[in-house]
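Everything below concerns the one structure shown next.
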Amino acid sequence: MGGVTTMATQQERTGQPRRRHELAAFLRGRRARVTPADVGLPPGLRRRTPGLRREEVAQLSGVGVTWYTWLEQGRPINASAQVLDAVARTLRLDRPEREHLYHLAGVPYAPDRAVDVDEISPEIQGILDALDPRPSVVYNTRYDILATNRAYRLLFDSAGKAAQGMRNVLWTLFTVPGPVCPLVDRQTELPLMVAQLRGAYGRHVGEPAWESFIARLCSASAYFAELWESGDVVPPGPRVKTFRHCAVGEVRMTSVSLSINGMPECRIVTYTANDEESSRAIENLCARGADAV
């Protein structure tokens, strides 16, 4: 028995360099196929890399550049499940690719593990489109925007552009100039949104993508940092919110969240006009932008 155990151990050690080599090649290949536009980054000038740069993957994943470089070079370093989830999300890996990444990294793979999702199915997009002219969007629990319909883009387009490509609602609301912010009652709504974010954060403590996002937003917005420090937690729920739009003025909308089967970290949020005046404003906005989006 001792001889068999020793042989198995030797085989495992012999296979480790080969597995690290395969891991390095796999990461380089997947990095090359993801464009800056896929992750909301500007294309930049003099870009020689066919896809993302190593430092971009590291930043988006919330890990150190040196650590990610060593991982991609096949060096013998340890990777946690949380870090691999973050890298997989940045590289837009599907489930089989994510499982393959785990195996190459020597980390046990849990198929039922709740992970971030980067894209949605055509069926979910079809539901969003069918809800038009009700503005509708798919968020994850970090408020990343995963999909929208035409009415949503028309209502929030100017704020999204001002946020410089960051497809995240909280980033937009906390960093755009006051006149551009679509929320009328920021002092009431923003604390509630941050409290909902903290409630979701409890399931992701220590995950690089979450920790990096919170740290960056705290640096970008002193108000967010203040609210985050308060530690308040509230569950999501329907609310009446007032938005402003430069073309149609203020609109009062009721937000309703709908769960998505098979996507526990995501939800459809749809906004319904709260009164006739707001309903006419949304109809007018959609009519104005029929060919704009």
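The values are calculated or read from the model by the stated rules, or taken from the named source; none is laboratory data. It should be emphasised that the depicted structure is a prediction, and the values quoted were computed from it without experimental measurement. Neighbour counts run over all protein chains shown; Cβ positions are idealised from the backbone, glycine included. Protein only, heavy atoms only, side chains kept; ligands, DNA and RNA dropped before computing areas. Shrake-Rupley method; radii C 1.70, N 1.55, O 1.52, S 1.80 Å.
Got at least one residue in region 43-51 being surrounded by 13 or more Cβ atoms within 10 Å (Cβ to Cβ) and modelled with pLDDT of 85 or more? Scanning region 43-51, I find at least one residue that is surrounded by 13 or more Cβ atoms within 10 Å (Cβ to Cβ) and modelled with pLDDT of 85 or more, so the answer is yes.
Can we say Pro76 is touching a residue at least 24 places away in the same chain (Cβ under 8 Å) and either open to solvent by 70 Å² or more (accessible area, probe 1.4 Å) or among the hydroxyl-bearing types (Ser, Thr, Tyr) (or both)?
So Pro76 fits the description; yes.
When Ala130 is tested against the conditions (1) crowded, with 20+ Cβ neighbours inside 10 Å; (2) at pLDDT 95 or above, the lone failure is (1).
Within region 37-73, the residues that satisfy the criterion of being free of Cβ contacts under 8 Å to residues at least 12 places away in the same chain and of a type in the set (Phe, Trp, Tyr) are Trp67, Trp70.
Any residue in region 87-113 that's at pLDDT 85 or above and in a loop (DSSP other than H, G, I, E, B): show its pairings with residues that are aliphatic (A, V, I, L, M) and surrounded by fewer than 19 Cβ atoms within 10 Å (Cβ to Cβ) at Cβ separation under 6 Å, as long as the two are six or more apart or on different chains. Close Cβ pairs satisfying both conditions: none exist. Evaluate region 252-275: report whether one residue or more is basic (Lys, Arg), touching an Asp or Glu at 6+ places or on another chain (Cβ under 7 Å) and surrounded by 12 or more Cβ atoms within 10 Å (Cβ to Cβ). Checked against the condition, which is being basic (Lys, Arg), touching an Asp or Glu at 6+ places or on another chain (Cβ under 7 Å) and surrounded by 12 or more Cβ atoms within 10 Å (Cβ to Cβ), region 252-275 yields at least one hit. Among helices (runs of 4 or more DSSP H) entirely within region 175-242, having at least 3 residues that are acidic (Asp, Glu) and in contact (Cβ under 8 Å) with a residue 12 or more places away in the chain singles out no element at all. Test Arg198 against the criterion of being under 23 Å from Val87 (Cβ atoms) and surrounded by fewer than 20 Cβ atoms within 10 Å (Cβ to Cβ), and give yes or no. No; evaluated as a whole, the condition is false for this residue.
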